[in-house]
């Protein structure tokens, strides 16, 4: 056991740090550090910079163009990006659909789709959830009927994060109603510019449109866009979901936000308030304990062991921590978190903010928005069901 | 709405206060205030004093010899007794079996049993739970077979509180195995001196024997000891359980213990420790909120309304508060709560206690013991099931 | 000791409830938010219901009702997430009726009661956080008139008000002043707040003002207590409806082929929400019943205890309601998310939970410190 | 960065686990409690396993192992609720190996390693609560020898020890002394503690003592850190077994015709217990890995953070385990209740959660204050 990173790992960190410092646009980092609103270009711009360096696909095997990093190196890369204030990598392309294409797509599909994902040129969205099927994903109803050399897709997806920017969407669709619900599902890649695709943004409680409904009305999808075999999509989706992702804990971002919380608490004169400081102290212990848990999982993965009984805890604790720091940030601003001034949430606003500092404008909306973290990606209730299974059978 | 007690109610409180002050033995009050161990005589002695005054049966209707108090007066009586440091009234006789005898017993039974309960002469125990049937009471197995003019009882009860002192025990017994489990249960009064009754004390985690197993080996019970009709016991038991008892919240005792906690925190120099004091402050709010909830239920009862949806909350919150103050009392003593010196837990011990104060000796054991409060009387999980039913149907 | 409502109180509740159900639909509310968070017509409707000047004595032109009536009204308005700041009418009425001289009362209590005049308290200062007393607003007297200068934040519907009650320092002591709409040197910039209601940033530059009282600390403190009690009652109403919405949703939504109200973990969560609601309701009663407590420290403690409990309750109920709804709970189009946002804003109004815990803890008595 | 155990560490774990399973049954433990809470034979058996002097360098006669080995041993002893205070062997070994002069080392390290000598720290004073430094124990030097006078509480197995390490004030500064069994003026009164282990009240009256170090504060602080880390590791072991016991019970116990492990509310509770266990385990690792952290404040913070997390974890796991068991969970005859009591005692040992939260909060850094 050793808490210290090896000299090689430290050198790797330095390399990443210097590169990120040199290439991350300052204005984007400012927005991220203050949680101001990011444009599509802010996000995709950074993705393309990473793509050019070959680091957008940082988790991919070398045979598909990944850098071949160890689990620890991937973690250090994520940490350096987060601490520097880089936008989060939108996962739907490089982290979610790419592994499925690599594992189950044919050579033609790999050649066609992977380069655009690795370069950041093509924006992917996810089409899993439907209005009636959230935790119970297998009950999905969107149909794809094979007609000649294409599928005709009808139905509706929802909660499609940033789908308004999407070029392509990977979908679970029903190709058969026979057998168990899981058996009739296929995995289909759909060009979002196809006729019949409509995207309707859903305004969330913080005023932003972060998710969307996506409607499919007789959308023609070439049969060559089917991944693997018809009716085997559930297997591929499970592969995607079970794909080890320690970053689900988002501990690096929480470290950055913890520092920000301390900074704002100082600004607000709360550092001397033992009651508020104690709340930060408790959060600090939480973040540290989560980080240790993440490192344990990384160690296990690196040595080829299955850390499944701990990995299930990362999502729960990680999301609870995100909610807590967003809440404390809002409470630190106190009354000055109350004005809802949309313009103030974008960088560069020159107005007079009632609290005196326009960066306060985002704190309550972020708190509101972060209620999602215990709901999405498998609600924490579902996660607890899974953890209980590992303990109780 | 009025938070103040009426002049009549205040006068009533004064009368009770003066009488309790005059009649409660000082040595017993000292033990109660410091949670030192009480002997059978301490408990029964006080019951007899109350009985002589006619106040042991303070909840009974006047026709059966009760004082005819209002719900508020009963509450004030309970409060004055608690604050003065009176031992709790052992409920099995006056509060639990007596109402059943009054409602479902025949005149003969009422004449035979009620006077001994009201005077405190006869110590009653409760025979409900069995090793296999806790929350699922209806699954009980203790059998009573009718043979001529008596029943022959075989089986085992458990968790019989203070059963080692019991003269009589009221039991739920199975008289039929036909139909639903609930339908074959009868309500039987059993003389604990009968041949075949064996009481085995169960040592609890605090070292004391507060509960017992009671074994019945071919115990002959005269048929005239059956309450009401054979196989109708479940109805009577439910009557007992649903019998409105705001005192289940035990808020008066919690008020006394809150004061004690403050006293000990001061002694230990913790009053200046904002972290510890905040914990007391939170508890104080909890106790107050519970008291308001109790008073709401009392008001509703007084005006003939059904406060059922709130009443269900009293047990949950009351027990959580008891656990919390017992925990804070232990933590206030800190390291000095650790010595386990049995003799020190009785009044009058003259030894040198490692913490310097023998009253610290009981704090950790009380904390341990109070884990029972969220388990007994219908576990808090069962209570939450019931509350959820009122909200969700 | 009595926690029952009188028949009159129950009728008042019914009247307000009916108005909310009929007149304050989610659609109308959306429209009000879209047009700035305050609707003068609503204010007039509330006045027509007889709710303005509710606790002002009849002799002074008010309705002459008591604290419990005010609480009942606020609970019901909370159920409908009514944006218009009714609590301001209560505390402005109290300040004027208790402290203003006859001339001021004559000028303002009648229009307040008729709903013609919206009078609000402008007390929040920049950098003052939850501190009540003014620090940066100065008053000076010259030639028989007063002028005030300073800045106030988050003044409820401030840019639409007809008069403001403004705490300012007069020779180093807190005094309360009344400033009329149209007075010189007033600048008001309105904006929405997180719950959709309206507030304004206000600047006073040598603005002529009428003195209400030089005993400003006590008057302001009591106004704050009314504010705290109002938050408690509103919170109870908001939570009441939140539980109903959540229970309805759980009884409709199916996953894995069953209605999710069947899942025990969710059922227990609902039981815990009910607990928090009832603890909160109990402490809201307590707050309103303690508003006239003669002993100052005890009154302060009582209101802080109530606000602390409500803070705990509103946080739990709000957060869990969203969680139990899942995705729909975080959308703007679903009404439930607005209940959550309102509960959050109420927590931050008049001092958050940690602030009030501090007051309770720092002033804690050695006795049990509870009733009786 | 590596959180894997070496093969040697895994073998050590296996060896201790086997001994616990074979040699430290609940029955034997009951007997030890009944006869006073400490069994010399057990101490000898632990020595025969090679566990004494574990972290003392080989050059000084010890086993020359590291912190992680000590942690592994403590986890396994925790699983068996071993009453004998193994942590004392670790910290006494550390104090002597790091600070004592050659003569003292020669006299005591060998018997410590062989298990012949039980050496314990006597640091708790009356009224000092969780303060580490001595306040009432004085040392004086005359004619080349030291004598100490004072009183210590809760000294682990104090009346059965062969020597005591005693912090005392020497000219106002903390120094550590070694007192041998049989020295004049020593009085030791033994008793049980809540978890069934043994402690003693000790009085020293002009007792001859050997000076270990005048740098007593630092040495004592480090001993306390080892104590804290030991509590963490023991707690992990106790919690590990508590979860197993509880899961077994839920899978056996039937109510309403079904095994109660089917109830979702109980399942989620188990998931939360698992969470607390793993957070605690992670922070126990962290504590042991930080024992040699060179920066003093960072080391202090690290140990306090670990103890705080373990405090939270042990409280939740202990309380919920009892609750999930129901009645049987509060009986003395069921082993589970002893796990709960041990978790409680561990929380109170070396400073409770609030104490350590204070250290973390009062020394908090402006950076994230976490690893990397």
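Numbers below:
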| read-out | value |
| --- | --- |
| Residue check for residue D:252: touching a strand residue (DSSP E or B) at 6+ places or on another chain (Cβ under 8 Å), within 30 Å of residue B:180 (Cα to Cα) and within 14 Å of chain B (Cβ to nearest Cβ) | yes |
| Selected residue (criterion: farthest from residue A:270 (Cα to Cα)) from residues of the stretch D:350-369 that are surrounded by 19 or more Cβ atoms within 10 Å (Cβ to Cβ) and at the interface with another protein chain (Cβ under 8 Å from one of its Cβ atoms) | D:352 |
| Scope the stretch B:379-393; condition buried (at least 19 other Cβ atoms within 10 Å of the Cβ) and either in a loop (DSSP other than H, G, I, E, B) or more than 14 Å from chain C (Cβ to nearest Cβ) (or both); matching residues | B:379 |
| Residues satisfying the stated conditions in the stretch B:91-138, i.e. at pLDDT below 95 and in a loop (DSSP other than H, G, I, E, B) | B:91, B:128, B:129, B:131, B:132, B:134, B:135, B:136 |
| Given (1) touching a residue at least 60 places away in the same chain (Cβ under 8 Å); (2) within 14 Å of another protein chain (Cβ to nearest Cβ); (3) crowded, with 22+ Cβ neighbours inside 10 Å, index of the condition residue C:158 fails | (1) |
| Test: residue in the stretch D:45-61 that is away from chain A (no Cβ under 14 Å), over 20 Å from the mean Cα position of the chain (by Cα), in a loop (DSSP other than H, G, I, E, B) and more than 23 Å from residue D:240 (Cα to Cα) | yes |
| Residue D:234 vs. criteria away from chain B (no Cβ under 14 Å), surrounded by 24 or more Cβ atoms within 10 Å (Cβ to Cβ), closer than 27 Å to residue B:207 by Cβ and at pLDDT 95 or above | yes |
| Only one of A:162, A:172, A:188 that is on the phi > 0 side of the Ramachandran plot, under 26 Å from the mean Cα position of the chain (by Cα), crowded, with 19+ Cβ neighbours inside 10 Å and away from chain C (no Cβ under 14 Å) | A:162 |
| Single match in C:138, C:124, C:98 (criterion: surrounded by 23 or more Cβ atoms within 10 Å (Cβ to Cβ) and in contact with a strand residue (DSSP E or B) (Cβ under 9 Å, 6 or more places away or on another chain)) | C:124 |
| Residue B:368 being away from chain C (no Cβ under 14 Å), in contact with a strand residue (DSSP E or B) (Cβ under 9 Å, 6 or more places away or on another chain) and not in a helix (DSSP H, G or I) | no |
| Tally, over the stretch A:203-259, of residues that are assigned to a loop (DSSP other than H, G, I, E, B) and buried (at least 22 other Cβ atoms within 10 Å of the Cβ) | 3 |
| Sole exception among (1) within 14 Å of another protein chain (Cβ to nearest Cβ); (2) over 25 Å from residue C:118 (Cβ atoms) for residue C:189, by number | (2) |
| Condition met for residue C:168 (assigned to a loop (DSSP other than H, G, I, E, B) and touching a helix residue (DSSP H, G or I) at 6+ places or on another chain (Cβ under 9 Å)) | no |
| Those residues of the stretch C:45-66 which are loosely packed, with under 15 Cβ neighbours inside 10 Å and more than 16 Å from residue C:97 (Cα to Cα), in sequence order | C:48 |
| Residue, surrounded by the fewest Cβ atoms within 10 Å (Cβ to Cβ), within the stretch A:284-313, restricted to residues that are in a helix (DSSP H, G or I) and more than 10 Å from every other protein chain (Cβ to nearest Cβ) | A:308 |
| Unmet criterion (only one of (1) within 15 Å of the chain's Cα centre (by Cα); (2) within 14 Å of another protein chain (Cβ to nearest Cβ)) for residue C:66 | (1) |
| Among the candidates B:17, B:40, residue that is within 14 Å of another protein chain (Cβ to nearest Cβ), in contact (Cβ under 8 Å) with a residue 60 or more places away in the chain, in contact with a helix residue (DSSP H, G or I) (Cβ under 6 Å, 6 or more places away or on another chain) and surrounded by fewer than 19 Cβ atoms within 10 Å (Cβ to Cβ) | B:17 |
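Let's see how each residue does on (1) over 17 Å from residue A:43 (Cβ atoms); (2) in the same structural domain as residue A:48 (by TED's automatic domain parsing); (3) free of Cβ contacts under 8 Å to residues at least 60 places away in the same chain; (4) surrounded by fewer than 23 Cβ atoms within 10 Å (Cβ to Cβ):
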{"residue": "A:68", "(1), (2), (3), (4)": "yes, yes, yes, yes"}
{"residue": "A:72", "(1), (2), (3), (4)": "yes, yes, no, yes"}
{"residue": "A:82", "(1), (2), (3), (4)": "no, yes, no, yes"}
{"residue": "A:85", "(1), (2), (3), (4)": "no, yes, no, yes"}
{"residue": "A:95", "(1), (2), (3), (4)": "no, no, no, yes"}
{"residue": "A:100", "(1), (2), (3), (4)": "yes, no, no, yes"}
{"residue": "A:103", "(1), (2), (3), (4)": "yes, no, no, yes"}
{"residue": "A:108", "(1), (2), (3), (4)": "yes, no, no, yes"}
{"residue": "A:117", "(1), (2), (3), (4)": "no, no, no, no"}
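Residue-by-condition table, conditions (1) within 12 Å of chain B (Cβ to nearest Cβ); (2) under 21 Å from the mean Cα position of the chain (by Cα); (3) assigned to a helix (DSSP H, G or I); (4) closer than 30 Å to residue B:387 by Cβ:
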position	(1), (2), (3), (4)
C:223	no, yes, yes, no
C:226	no, yes, yes, no
C:248	yes, no, yes, yes
C:279	yes, yes, yes, yes
C:282	yes, yes, yes, yes
C:285	yes, yes, yes, yes
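The values are calculated or read from the model by the stated rules, or taken from the named source; none is laboratory data. Computed from a predicted model, the values in this text were never measured in an experiment. Methodologically, a virtual Cβ is constructed for each residue, glycine included, from the backbone with ideal geometry; neighbour enumeration extends over all protein chains shown.
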